[in-house]
1. Would you pick out the residues in the range 157-184 that are within 13 Å of the chain's Cα centre (by Cα) and modelled with pLDDT of 95 or more?
2. Considering only the range 97-114, I want to know if a residue exists there that is touching a residue at least 24 places away in the same chain (Cβ under 8 Å), over 13 Å from the mean Cα position of the chain (by Cα), part of a helix (DSSP H, G or I) and more than 14 Å from residue 161 (Cα to Cα).
3. Picking from 106, 48, which residue would you name as being closer than 25 Å to residue 169 by Cα, touching a Ser or Thr at 6+ places or on another chain (Cβ under 7 Å) and aromatic (Phe, Trp, Tyr)?
4. Find the strands (runs of 3 or more DSSP E) located wholly in the range 134-191 whose residues include 2 or more that are farther than 26 Å from residue 119 by Cα, and list them.
5. Just to check your reading of the model, which residue among 61, 56, 38, 52 is crowded, with 21+ Cβ neighbours inside 10 Å and farther than 28 Å from residue 192 by Cβ?
6. Which one of these does residue 136 not meet: (1) touching a Ser or Thr at 6+ places or on another chain (Cβ under 7 Å); (2) surrounded by 13 or more Cβ atoms within 10 Å (Cβ to Cβ); (3) polar (S, T, N, Q)?
7. Report, by residue number, each residue of the range 51-70 that is part of a helix (DSSP H, G or I) and β-branched (Val, Ile, Thr).
8. Looking at the range 54-75, can you tell me whether even one residue there is under 15 Å from the mean Cα position of the chain (by Cα) and among the aliphatic types (A, V, I, L, M)?
Amino acid sequence: MTEPLQARTSALIVAAGSGLRLGDRPKALLELEGKTLVEHVAQSVRAFSSQVIVGVRSEDVARVQPLLGDQVTVLSGGATRQKTVERLLAVADRDIVLIHDVARPFASRTLYQSVLQAALQFGGAAPVLQASTSDSVALVDGDWLGDTLPRDRVVCIQTPYAFTRRSLQRAIRLAKEEGWEETSVTTLLTRAGYKVRLVEGDLMNTKITYPKDVDDAKERFVSIT
């Protein structure tokens, strides 16, 4: 990517979860090939941003900061993903904000570049994969089957995604005024009236959520080192 875009980008790493589905282990401190996940992800985003800000659990700040060094800002995250992003955004001062999940250490250079270039052109972008090519997809209505969805229009959203800082600031301000609480930043942006450009996701950009994912990730790291 070009140096000017890197200089204009703040990277926010969301890493404040407690890892309940991982056996009550915080993902940020999960070690793979001698480094924690937060170290792996911080290293990957530094090639595409000039400011890196990480949000972890308050009790992990003192441990994580020395791992990442003085060039990375480590903050205490909030009780929700939205609150964590809000705290990190308050420190960001670049035009473009790149948001990545600590649980996705395999994002490729191509994916970072695609998302940032699309955000620069369209104001916001997120990588997606088609949700299913064979199974039907539907909503649920309590204990009953709800509306069937057109599967060619259903996608799974990955990170990293990127937005202009002003649009994200406005979306969070609206959320606070209106009492919105969204689990996804992309949902927050669209609810605030912004369009999010889709870019092609990456099947290899897997997320570590369950114990089995850790074993798979260890095999992946061994195969690429």
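The values are calculated or read from the model by the stated rules, or taken from the named source; none is laboratory data. Quantities reported herein were computed from a predicted structural model and do not represent experimental measurements. Cβ coordinates were reconstructed from backbone atoms using ideal geometry, including for glycine residues, and neighbour counts include every protein chain displayed. Remember, those area values only see protein heavy atoms, side chains included, never the ligands or the DNA or RNA. Shrake-Rupley method; radii C 1.70, N 1.55, O 1.52, S 1.80 Å.
1. Result: 157, 158, 159, 160, 161, 162, 163.
2. Within the range 97-114, the first condition is being touching a residue at least 24 places away in the same chain (Cβ under 8 Å), and the residues that meet it are 97-114.
Cutting the leftovers down to over 13 Å from the mean Cα position of the chain (by Cα) gives us 108-110, 113-114.
Retained after the next criterion (residues that are part of a helix (DSSP H, G or I)): 109-110, 113-114.
Restricting the remaining residues to those that are more than 14 Å from residue 161 (Cα to Cα) gives none.
Within the range 97-114, none of the residues are touching a residue at least 24 places away in the same chain (Cβ under 8 Å), over 13 Å from the mean Cα position of the chain (by Cα), part of a helix (DSSP H, G or I) and more than 14 Å from residue 161 (Cα to Cα).
3. 48
4. Answer list for the range 134-191: 137-141, 144-149.
5. Values: 61 fails: crowded, with 21+ Cβ neighbours inside 10 Å; 56 fails: farther than 28 Å from residue 192 by Cβ; 52 fails: farther than 28 Å from residue 192 by Cβ.
Residue meeting the stated conditions: 38.
6. Against the list (1) touching a Ser or Thr at 6+ places or on another chain (Cβ under 7 Å); (2) surrounded by 13 or more Cβ atoms within 10 Å (Cβ to Cβ); (3) polar (S, T, N, Q), residue 136 comes up short only on (2).
7. Keep residues of the range 51-70 that are part of a helix (DSSP H, G or I), which gives 58-68.
61, 64, listed by residue number.
8. Narrowing the range 54-75 to residues under 15 Å from the mean Cα position of the chain (by Cα): 54-56.
Imposing the further condition that a residue be among the aliphatic types (A, V, I, L, M) reduces the set to 54, 56.
There is at least one residue in the range 54-75 that is under 15 Å from the mean Cα position of the chain (by Cα) and among the aliphatic types (A, V, I, L, M).
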